[in-house]
Amino acid sequence: MPNPYASTAGASTITATVSGNDNLNDFHDPRGGDRQRESMGAREVARRIFTYVRPHAGLFTASFACAALSVVLQLFVPILIGCAIDLIVGAGRVDLASLIPLLVQLAATVLAAAALQWVQGACVNRLSCATVRDLRTEAYDKLTCVPLSLIDRHPHGDYISRVVNDVDQVGDGLLQGLTQLFNGVVTIAATLVFMFTTSVPMAFLVVLVTPFAVLAAGAMARFAGRSFAAQMGIQGELSAYVEEYVGAQRLVSSFAYGDRAREGFAHINRELYTAGERAQFLSSLANPGTRFVNNCMYAVVAVAGFVGVVTGFPAVLTVGDVQVFLSYANQYTKPFNEISGVVTQIQGAFASARRVFALLDAPEDGAGEAPTAVSPIAPRADDGAATGLTCGSAPCIELDAPALGGASPAGPLVGDVVFDHVDFSYVPGHPLLQGICLHARPGMRMALVGPTGCGKTTLINLLLRFYDVDAGEIRVNGKPTTAYAREDLRRAFGMVLQESWLFEGSVHDNIAYGCPGASREQVEDAARRARADAFIRALPAGYDTVLPENGGSLSQGQRQLLCIARVMLADPEILLLDEATSSIDTRTELQVQAAFDDLMRGRTSFVVAHRLSTIREADCILVMRDGRIVERGTHDGLLAAGGFYAELYNSQFATTC
């Protein structure tokens, strides 16, 4: 568990990151320097959001048309009310014959405007939901394309926050923003036209006061934007912290770490509270600020209007005209008040959009590579009968043809794998693998052993191109792995990891994960070969039992058996077994090992193991130490040599008093 105080980025740190130009969070490249996104201004954020609105242009157009018609109808209401007032300004001067039709028109206008507003709201809601759906889908798809190195080095909870919380925040801001933007722009434009049509001097008086309202709202929005960006960053960090501790709750409880975990959560939560309080305070100043300016404008219009009624200056007005102008002044300033009132959602949406777009702009797996013309992995034309591999002037591992324990499969063999002087490091300047040379011919069972951290699992990662080599070359069936599309390359491999992974779904679906079209008979056969059929049938619904995430109450060994059945069903060309039987009892391990023997026959296999008793029958054992291959040979040969392998083997069977 990380130190909750030492590893937690404070609000001041995140605020510094986004200060000035609202810089995005950094995505770190584990192979080199930090990859920092360029600053994205509000205009660029809005442009990118509207690229997701464009496919739904029909809803957008309908929303704008309804907004325009609704505002125009609402602007006719003050005119009708003003005319009605002029018909009842004095005793005995009420013109009922003319007043009743005006009231009917007024009612019809109000109802029509309300209906158009309802239609506009429905269109905006559908537009917002469709946009959020598309944005979230693209964000999730992006997670399936980014390099594993990016996933390894970035908190998983932060990714969850970006795909779930931040996209929702964009949707809320989009809904509020579009509604206010449509109505606001049309209201301001139409109101100005109506006011200038009624009285040019009074309209100029309103326009002269407008910049003060705009400046007040703009200043508050700029200050609040930075605080909202900091708030979103800390919220992502809090999500990562919660996800980490919920996933490791058993470990937290067993080490009595609960109090310290709560302290760490409270520490981040306090920073989120501080950042959120600052953002809300600054954003809340915008609405009262603009309301104060707008109320001053209303008062000026009222005074000037009634002066005009009495004196004819600055314009000759009736009482009805004054009422019309006061209504227009109120409607003209209303958009400023509404926009400033939803500045919280808008600023939060823009801050969240920056985080989502930072994820969408992250480099993809294989970005920048030239399209490959190599077809998916297929059998080699030659039979791989070469006796060894020479890498430059230095000989690589020299091996005789492997004894496969029976007749070779019919047809050409597949799975010829070569590491040709491979160097690799996760962090520049700190090499991990150095000068790795090996040749695994089709059908060979190759074991990788050595102390923890010597690079065994890294070899597997390089084979699958989760990472690319720094120097040298890896070839499969005579062609560099970089010549294959990653997806085609990985289809040739089947992998069982030390850490089992099960998703929420039936036992059948978990086993058929790599072969969705597999029949029930094929799934059951794979489970029987993995020695999992017996305990599966003991479950409440057998193969249809729905498992919770990560297997729920299943033991670690049972989960591992399901993962082994999954790869047996996939029937890959090359097997990668990384401590695949580490969670299984010794008796079951012997049974599973027999199943693996059947599965590995005729297939190239790489077996990473700490329990050296499981690799005695390997055709070749590679002994690794400090990122290099220091010994190679068979089990008996390495024991007879009395080297590092013999030391490792004997240490597992040493007895202590």
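Close amide-amide hydrogen proximity is noted between residue 471 and 423, each under 5 Å apart and 5 or more residues distant or on a separate chain (H modeled in the peptide plane; Pro and chain starts excluded). Sorting 454-464, 303-313 by average packing, meaning the other beta carbons within 10 Å per residue, from highest down gives 454-464, 303-313.
Extension gain for residue 95-residue 364 works out to 89.3 nm (0.36 nm per residue, less the C-alpha to C-alpha distance). Here, the range 527-623 has an Rg and a Dmax of 14.0, 45 Å when only alpha carbons are counted.
Approximating the spin labels as points 7 Å out from Cα along Cα→Cβ, the residue 164-to-residue 535 distance works out to 2.9 nm.
Percent relative contact order of the range 520-646, based on C-alpha pairs within less than 8 angstrom and at least six residues apart? Computed value for the range 520-646: 19 percent relative contact order. The residues neighbouring residue 599, those whose beta-carbon lies less than 14 Å from its own, together hold a net charge of +1 under the Lys/Arg +1, Asp/Glu -1 convention.
Note on 511, 85: ascending count of other Cβ atoms within 10 Å places them as 85, 511, the fewest first. Strictly greater than 17 Å: what percent of every Cα pair in the range 270-322 meets that? Of all Cα-Cα distances in the range 270-322, 57 percent exceed 17 Å. The equivalent ellipsoid of the range 107-149 has semi-axes of 42, 5, 4 Å, largest first, where each one is the square root of 5 times an eigenvalue of the Cα gyration tensor. Each label point was placed 7 Å from the Cα along the Cα-to-Cβ direction; for residue 617 and residue 594 their separation is 1.0 nm. Between residue 107 and residue 519, the contour length at 0.36 nm per residue exceeds the Cα-Cα span by 141.6 nm. Charge tally around residue 496: other residues with Cβ under 12 Å, Lys/Arg +1 each, Asp/Glu -1 each, net -1.
Magnitude of the charge dipole for the range 69-170, about its Cα centre and with charges confined to Cβ atoms of Lys, Arg (+1) and Asp, Glu (-1), is about 80 debye. Each of residue 555 and residue 126 was given a label point 7 Å from its Cα along the Cα-to-Cβ line. The distance between the two points is 5.7 nm.
What ranking, highest mean first, results for peptides 43-56, 595-608 when packing means the other Cβ atoms within 10 Å averaged over each residue?
Going from most to least packed, we get 595-608, 43-56.
Among 521, 631, 473, 271, a tally of other beta-carbon atoms within 10 Å of each Cβ gives an order, fewest to most, of 521, 473, 631, 271. Between residue 200 and residue 54, the FRET efficiency from the beta-carbon distance, with R0 = 51 Å, is close to 0.80.
Whole-Hz Karplus values for the range 68-82 come out as 5, 5, 4, 5, 4, 5, 5, 6, 6, 4, x, 4, 5, 5, x Hz, taken residue by residue from phi with 6.51 cos²θ - 1.76 cosθ + 1.60 and θ = phi - 60°; glycine and proline positions read x.
May I ask you to order 480-490, 107-117 by the average number of other C-beta atoms within 10 Å around their residues, highest value first?
480-490, 107-117
Bear in mind these aren't lab numbers, they're just calculated from the coordinates by the rules spelled out. None of the values given here were measured: they were computed from a predicted structure. Please note: Cβ atoms are built from the backbone with ideal geometry, for glycine as well, and neighbour counts cover all protein chains shown.
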